[in-house]
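Presented below is the structure to which this report refers.
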């Protein structure tokens, strides 16, 4: 490997490889023969070709910020970690075509900054954007806070460059919005968690940069009222609604205790909150007035108990910080990334909460997430409950299944949910997925032990 990427970029010493072999939550620790850090697609292809010839498995890794153990080796066989962080160039930005071409190791925040400097916006946004890399975002089909208006990572991609498991390079870097020339191959690799090939570059969609954004922190009586409020906001503001996040009081209290320089935005405590954002062209005053009018109608209907609208970028950032700090504020517990249809969100919370309380009286529940697109992060207990994770998962996943939902909305399966997904997936779906895997990766070298 040293002759491909340079000796300085083949890591073997324990102190050097440790950060690459442990996931962000310290839940998974693996072993690897080395960590290889290529700087180009050519180097990735040569590394993959060498590993294929030797029968050594490859674990592609971006920022290693995932929550399902998908970016660290399982240690079950000979493996290397292929870290893409050195591949961090923005290759091109076409403002007229609203596209940006980036390498897989580009940090998400840097892509968003480059788009902003060009008067555009890259819509994908999530709490880890300061350290996560776009290759990992695409490999897990990341969601984030703007899915309501712009869709998941999948919807942000026009083209991909991928190194296949035998070392060949598929150049699908097309900046086209219409291309009906056969199968849409890029979609195979988005959400595949590196099990079908290594994403090395992507052509991403850009959006017009909003001239004004208004953010509100809103108290609601219940999740049911939150869903009603979303319908009202969309009636009043249409697709100007870019984010709609549900946050329980327990989550807010965890943040206030964890981040000492934060404060409760409202004067009195409430059971549930919504963080809503609307954006548009025009002035902040006009947009804020539209949002205020919608909230006034919500108060008349009983959907809104109290609310505050940020009057500056600093105030808006402070409100967003409350939401973005929730995961760190309750770091060690049994986490769930689940989804149901929007109208069934309240029922899911009621079902799962009641079942968990019956099984674990007094258990602490941390419920928050992207309710605007039906995605909840439903986290349970503290570190003492990790030993009973299987039972907790069964209760939550049974409630999800009863409502026709998914056990993985945006974090991927990784190692965490792989076997659970097998049990709950339609046998024909599994057969088709395995057929794709065999066709592209007959040796099973790409990120083994994940997804399938």
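Listed values, structure above:
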quantity: Gain on full stretching of the segment that runs from residue 50 to residue 435 - 0.36 nm per residue minus C-alpha separation; calculated: 136.1 nm
quantity: Gyration tensor (alpha-carbon) shape descriptor, the range 296-356, a/c threshold 1.5; calculated: oblate
quantity: Cα gyration tensor, the range 212-327 - rounded (a/c under 1.5), prolate or oblate; calculated: oblate
quantity: Burial order of peptide ranges 358-368, 178-188 (average beta-carbon count within 10 Å, highest first); calculated: 358-368, 178-188
quantity: Over the range 57-147, relative contact order from alpha-carbon pairs under 8 Å, at least 6 apart, %; calculated: 27
quantity: Nearest 10 degrees, 0 to 90: helix 223-237 Cα axis against the chain principal axis; calculated: 90
quantity: Label corresponding to Cα Rg over 2.2 N^0.38 Å when calculated from the structure given, among (i) 1.09; (ii) 0.99; (iii) 1.21; calculated: (ii)
quantity: Share, in percent, of DSSP beta bridges within the range 1-121 that are antiparallel, nearest 5; calculated: 50
quantity: Ordering of 216-229, 15-28 by packing [mean C-beta count within 10 Å, highest first]; calculated: 216-229, 15-28
quantity: Cα centroid separation - the range 257-293 against the range 312-354, whole Å; calculated: 16
quantity: Contact order relative to length of the range 330-412, as percent, for alpha carbon pairs under 8 angstrom and 6 or more apart; calculated: 48
quantity: Prolate/oblate/rounded label for the range 2-83 (Cα gyration tensor, a/c 1.5); calculated: prolate
quantity: The range 92-149-the range 400-452 distance, computed between alpha-carbon centres (Å); calculated: 26
quantity: Peptide ranges 301-311, 319-329 listed from the most packed, as the mean C-beta count within 10 angstrom indicates; calculated: 319-329, 301-311
quantity: Within the chain, percent of DSSP bridges classed antiparallel, to nearest 5; calculated: 85
quantity: Cα-based helix-to-principal-axis angle, 249-258 vs the chain, degrees rounded to 10; calculated: 70
quantity: Degrees separating the helix 345-359 axis from the principal Cα axis of the chain, which is the longest one; calculated: 80
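Every number here is computed from the coordinates shown, using simple stated rules; none is lab data. Not measured: the values here are computed from a predicted model. So basically every Cβ, Gly included, is an ideal-geometry build from the backbone, and we count neighbours across all protein chains shown.
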